Amino acid sequence: MMKFGVSRKTISRKIIYVRRRQSKADGWGVCAGKNKTPRGRVSIKSNIHPALASLATTTIESEPQQELDLLLTVGPSRLIFRLRPSLIPFARHVSSIRFPSELPRHYTTTFSPEGRLYQVEYALEAISHAGTAIGILAKDGIVLAAERKVTSKLLEQDTSAEKLYILNDNMICAVAGMTADANILINFARQSAQRYLRTYNEDIPCEQLVRRLCDLKQGYTQHGGLRPFGVTFIYAGWDPQRQFQLYLSNPSGNYGGWKATSAGANNASAQSLLKQDYKENCNLKEACGMAVKVLSKTMDSTKLSSQKIEFATVGQDKSGKVYHHLWSAEEIDALLAEHDLAKETSSEDK
Amino acid sequence: MCTDHGCASFIDKAYRCDQPEWAMPHQAEARLRVDEPHEDQLLERPTHLQHTKQPFPGYHQKMEVLLGITGKDFTIVASSKAAMRGATILKAQDVKQRQLNKSSLLAYSGEAGDTVQFAEYIQANTQLYSMRNEADLSPSAIAHFVRGELATSLRSRKPYNVNLLLGGLDPITLKPSLYWLDYLASLAPVPYAAHGYAQYYCLSILDKHHNPDIDLETGIKLLNMCTDELKRRMPIDFKGMTVKAVTKDGVIDIDFDDDKVVKSA
Amino acid sequence: MVGKDCVAIACDLRLGLQALTVSNNFPKIFQYGDVLLGLTGLATDVATVSDLFRYKVNMYRLREERNIAPSTFANLVSSSLYERRFGPYFVSPVVAGLDQKTGKPFICGFDSIGCIDFAKDFIVSGTATEQLFGMCESLWEPDMVRLDLDFRTLFPPGIFFYMMILLKNGQLNHDVECSTIMHIICTSDLNFTNASYQSTFATGFDEFFANNLNLLDDLQCPEDLFETISQALLNAVDRDALSGWGAHVYIIEKDKVTKRLLKGRQD
């Protein structure tokens, strides 16, 4: 038995909320008029337009559609809303329909009976197919490395980085997941950082920037109807309070500080490799070596090339000034050659 | 009907009065529009009483004394104790200073209502920042934040009419600093500063005697030279000075002899 | 101010309340990548506007992954100021930079609502405008080059003497202080080997430059620009009660920006 309540929240917002009250299966429901005495337990709240308010609601078993004033069909992800033509002039307050809550588990923001948020877990799953990204914290800097998936020879090899981005003067990040989603978040992060700089004339502390982004990500796990961002970030940054810092954040809006961490495909094995190899107090150069070694083991092909990976470091120059540096193809190849991981073809090319 | 309605609105007003607007949790609504990211979540600015518009500081406002002196490991901030309205002294123990966090201090002068309102607004936001981020804002960051707020206010319908001195010690480098801000939101980092008529008397004394390496004791000596000159030359009694200093141990009160008699020139 | 393959921008350091000096360390030039912006006017708006452009230029750089070009920046300044057409920021900005591709000097000035004033020579703004105009009009020349040579050791005494005469007659481009070192400001094509005084000198200059070609290689264009702009600024502000207290001078060349601090008169 379907039960629906139709109410309009405020005139100014012009929204009718359609709420399914209690039902286990998906189905469809109908609100019908015709001055009949309301049957069933479905009602339309009376503070909507008088013409719509006069609709009575009912529970029906068959589909006498021509008799109906308002037809609602509810499926797992869509709602069909049909109004009797003669009532359309009165229905101009109806501009959109939203589900507030109490919806099937297909919606992002609802806990499943087992207490899980499936969409968030699906997002994590999506990320675990994306290229690997790792970050390692050294005593004098941080290294970020990411696997770039070359999909086609015909694809224009853009010079700009695809998985590593500069957030502001003292922070960069690596992306694992959907690049399109990441672009939105990165733009948000850059704006946040610049807004902080304008307000306080100081660069934003790393953790605060991470938290701003995570607040945004979290919002998409709680507020209705939207998909969470399918992106995990690894952040590398420096601030005067806590010096070099490495963070990881995922679609749920959780974040944490790490000494070495990874995201994306083969994340688990990368993580255990890092755990094995990580040395406290290693320097940036050692960290770079560790990064390529871990990448070479987690990536599908054992031989790497500058086309397949991206590399970036944050460090301090001799005067103590913090720099960040996205590596050029030549620098990456040189590093790979040093660790004997370069692809034969690429070394022959030279 | 009328009484009922009147009564309701009266209660409503009373509620609003003792519950400042920024204390109400009406910010809970989430903002999810990606193209328009949420503002820095500051406490809302309180709506203040409507004063008659007074675009420039009056003479009595310029008679208020604010002084600041930095040295090698401290910043002294001093303010006069007289609360004035026109030619009348209303109070002789006024403290025109607010401590913002562990290592910064704000002294203010200007229009009566605006000053405390603005200083406490800044104080509340600085403390909110400390709570949220488990780290204090540096004096430089506060100064630029204050400047931003004052600059926004300047272009609003009713600007704050406040002159400020912000003294502090950087929480990380422990470097002392002093910032001079006027009601037009001009900001200048300075080694020593004053506001109002006191500028004309004190800055020249400090020009001659100040250097960046002085210790606290010398700083207070310089302050005494300044206040002596003010007592000697300024035509009003500013009722002595509240003197505080920011050092690595935080903000300390400094005993200052207000009753010292200065021979007139 | 424009030089040969370089530009310079300079400001004084005073912040004052009418006659009272509040600070003598208040720079008015701001660097955004390799473009420089000078702002004069109301101190509060100088700070607001400079912070606003830092925000905008930083976002531009992150988005485009390159520095902003001077002409692009000039248009950004113009449109940002005009946004406030009916409640303007009280500033008159000056922009200086080198075109990233051609290396051509670019300078321009604005009024407070963003009308661009392009210039080939110099732009002045602020309280000492009149004095600056006078100084720049008299000191500035196109493609300035300075030769720091001790002519007495380089030339035989006779030629040195002839040069003095030429200088006196204004045939050589001027601005010479004849003590031991001679500064000659001449046009960059160095056409003082041309016919009119070749006859007088016979072989003098020709021979000299033929033998000292290396001197032409390191002609100090930025140095002379620095000298010219500094003299113009310092001498202008000395005649203005509302400016002075030292100066910052930036020289922008193809691959570097040099910042110099001038002490100036502290009174």
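Results, tabulated for the structure shown:
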item	result
Pair list, Cβ < 7 Å and 6+ apart or interchain, from the range C:57-73 residues that are within 13 Å of chain A (Cβ to nearest Cβ) to residues that are charged (D, E, K, R)	C:59/A:190; C:62/A:190
Residue match in the range B:187-199 (condition: modelled with pLDDT of 95 or more, among the aromatic types (Phe, Trp, Tyr) and closer than 22 Å to residue A:197 by Cα)	no
Of all residues making up the range B:234-259, the number that are touching a Gly at 6+ places or on another chain (Cβ under 9 Å) and under 22 Å from residue B:201 (Cα atoms)	6
Options C:21, C:40, C:44; residue that is touching a helix residue (DSSP H, G or I) at 6+ places or on another chain (Cβ under 9 Å), within 12 Å of chain B (Cβ to nearest Cβ) and part of a strand (DSSP E or B)	C:21
Looking only at the range A:302-328, and only at residues there that are buried (at least 21 other Cβ atoms within 10 Å of the Cβ) and among the aromatic types (Phe, Trp, Tyr), the one that is farthest from residue A:266 (Cα to Cα)	A:327
Filter result for the condition that a residue is more than 10 Å from chain B (Cβ to nearest Cβ), of a type in the set (A, V, I, L, M) and more than 29 Å from residue C:52 (Cβ to Cβ), over A:210, A:150	A:150
Filter result for the condition that a residue is within 30 Å of residue A:212 (Cα to Cα), of a type outside the set (Gly, Ala, Ser) and assigned to a helix (DSSP H, G or I), over A:271, A:245	A:271
Checklist (1) within 12 Å of another protein chain (Cβ to nearest Cβ); (2) within 26 Å of residue B:83 (Cβ to Cβ) applied to residue B:171, failing item	(2)
The lone exception for residue B:182 - which of (1) more than 10 Å from chain C (Cβ to nearest Cβ); (2) under 17 Å from residue B:77 (Cα atoms); (3) not hydroxyl-bearing (Ser, Thr, Tyr) it fails	(1)
Members of the range A:150-177 found to be outside any strand (DSSP E or B) and either of a type in the set (Asp, Glu) or within 22 Å of residue A:260 (Cα to Cα) (or both), listed by number	A:156, A:158, A:161, A:162, A:163, A:169, A:170
Wholly enclosed strands (runs of 3 or more DSSP E) of the range C:65-145 bearing at least 2 residues among the aromatic types (Phe, Trp, Tyr) and buried (at least 21 other Cβ atoms within 10 Å of the Cβ)	C:105-110
Test result for residue A:163, over 20 Å from the mean Cα position of the chain (by Cα) and more than 14 Å from chain B (Cβ to nearest Cβ)	no
Unique residue being more than 14 Å from chain B (Cβ to nearest Cβ), surrounded by fewer than 20 Cβ atoms within 10 Å (Cβ to Cβ) and without any contact (Cβ under 8 Å) to a residue 24 or more places away in the chain when the list is A:199, A:179	A:179
Those residues of the range B:208-255 which are on the phi > 0 side of the Ramachandran plot and not charged (D, E, K, R), in sequence order	B:240, B:250
Only one of B:193, B:151, B:188 that is over 12 Å from the mean Cα position of the chain (by Cα), within 8 Å of chain C (Cβ to nearest Cβ) and in contact (Cβ under 8 Å) with a residue 60 or more places away in the chain	B:193
Among residues of the range C:216-236, those that are modelled with pLDDT under 85 and either over 22 Å from residue C:256 (Cβ atoms) or loosely packed, with under 14 Cβ neighbours inside 10 Å (or both), counted	3
Residue A:193 being surrounded by fewer than 22 Cβ atoms within 10 Å (Cβ to Cβ) and more than 10 Å from chain B (Cβ to nearest Cβ)	no
Residue identified as surrounded by 24 or more Cβ atoms within 10 Å (Cβ to Cβ) and touching a residue at least 12 places away in the same chain (Cβ under 8 Å) among C:33, C:38	C:38
Residue match in the range B:155-166 (condition: more than 20 Å from residue C:47 (Cβ to Cβ) and outside any loop (DSSP other than H, G, I, E, B))	no
Options A:226, A:248, A:295: the member that is modelled with pLDDT of 95 or more and among the hydrophobic types (A, V, I, L, M, F, W, C)	A:248
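The values are calculated or read from the model by the stated rules, or taken from the named source; none is laboratory data. Every value quoted in this text rests on a predicted model; they were computed, and no experiment measured them. Positions of Cβ are generated from backbone atoms using ideal geometry, with glycine treated the same way; all protein chains shown enter the neighbour counts.
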